[in-house]
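The values are calculated or read from the model by the stated rules, or taken from the named source; none is laboratory data. All values derive from a computational prediction rather than experimental measurement. Reconstructed Cβ throughout: ideal geometry from the backbone, glycine too, with neighbour counts over all protein chains shown. All accessible areas refer to the heavy atoms of the entire protein, side chains included, with ligands and DNA or RNA removed. Shrake-Rupley method; radii C 1.70, N 1.55, O 1.52, S 1.80 Å.
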Amino acid sequence: MSQGTGREYEQLRISGLHAFYGESHILHGIDLVVNRGELVTLLGRNGAGRSTTLKAIMNMVGRRTGSIMINGEETMSCAPHHIARLGVGYCPEHRGIFSSLNVQENLTLPPVVRSGGMSLEEIYTMFPNLYERRFSQGTKLSGGEQQMLAMARILRTGANMLLLDEITEGLAPVIVEKLGDVLIALKEKGLTIVLVEQNFHFAAPLADRHYVVEHGQIMEEIRADELSAKQSVLNGYLGV
């Protein structure tokens, strides 16, 4: 019997991805692979192109060329709502909470696009703070609560690959620790996670692999078991 190519385990494969905002050329040939159930980070300095990579996966940039395969399907011509139906959930850096709606309304507003999404009860078990604040308006939530809500909202849709953009930025250490516990729990459930993160100390113990992005290109791929050996190289890219 012939051996598999390994691609049956891939959930995301990006090849030669270029992305543009107007005349600005942001991504210059991104190549990366994320396997099912992996937690992979995109590390780099501000302006490196990490957030643009997530937006390009969702077709939320001005123009893009190259190839983005999700579950083996080419998505370069797909509209964002079709990409969501492939099981991709995007949590943007600005969170996008509807301030006039309460927590529960924010949670139930996005449509369920696939089976297998978490129920409200499961979400409230994972995020007990949200249960306590379920009738509070979005504007009344702390930054940490807003971030939890932004993540919880996509878990209800049935997404099984999460694109998370700077989820710890500006948050208190106790909230950052809680978000780390949530990511571990989601990974144990078999979800795939692509994490753009500035806080390397948060990301390092969670991730299976790290891609270092600089000037819109992948400069280095580092497995979790290579971190110690390549720490000085990584520090150079991150400016640490």
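For this structure, a couple of remarks:
- Distance between modelled label sites at residue 188 and residue 100, nm, 7 Å Cα→Cβ extension: 4.1
- The value of relative contact order for the chain, using C-alpha pairs under 8 Å at least six residues apart, is 28 percent.
- Residues listed by number, region 85-117, amide nitrogen under 17 Å from residue 134 label point at 7 Å toward C-beta: 101-110
- Per residue value of the accessible surface for the chain (all protein chains in place, 1.4 Å probe), Å²: 47
- Sorted from longest to shortest, the spans of the Cα atoms of region 98-208 along the three principal axes equal 35, 32, 20 Å.
- Summed side-chain charge close to residue 112 - residues other than residue 112 whose Cβ falls under 11 Å, Lys, Arg +1, Asp, Glu -1: +3
- Cα gyration tensor, region 1-120 - rounded (a/c under 1.5), prolate or oblate: oblate
- For residue 204, neighbours were defined as the other residues whose beta-carbon sits under 13 Å from its Cβ, and their charges (Lys and Arg +1, Asp and Glu -1) total -1.
- Take every DSSP beta bridge whose two residues both sit in the chain; close to 60 percent of them are antiparallel.
- C-alpha long axis of helix 173-188 to longest principal axis of the chain, angle in °: 70
- Put a plus charge on the Cβ of each Lys and Arg, a minus charge on the Cβ of each Asp and Glu, and nothing anywhere else: the dipole of the chain about its Cα centre is then about 480 debye.
- Values of log10 I(q)/I(0), in the order q = 0.11, 0.12, 0.13, 0.15 Å⁻¹, for the chain under a Debye, Cα-only, solvent-free model: -0.57, -0.68, -0.80, -1.06
- For residue 75, net neighbour charge (Lys/Arg +1, Asp/Glu -1) across residues whose Cβ lies under 14 Å away: +1
- Calculated FRET efficiency for the pair residue 60/residue 226, C-beta based, R₀ 35 Å, to 0.05: 0.65
- Based on Cα contacts under 8 Å between residues 6+ apart, region 136-240 shows a relative contact order of 21 percent.
- Ordering of 134-145, 55-66 by packing [mean C-beta count within 10 Å, highest first]: 55-66, 134-145
- Surface share of carbon and sulfur [accessible, 1.4 angstrom probe, percent] for the chain: 50
- For the listed peptides 165-175, 150-160, a ranking on the average number of other beta carbons within 10 Å per residue, highest first, reads 150-160, 165-175.
- The slack between residue 215 and residue 198, meaning 0.36 nm per residue of separation minus the straight C-alpha distance, is 4.5 nm.
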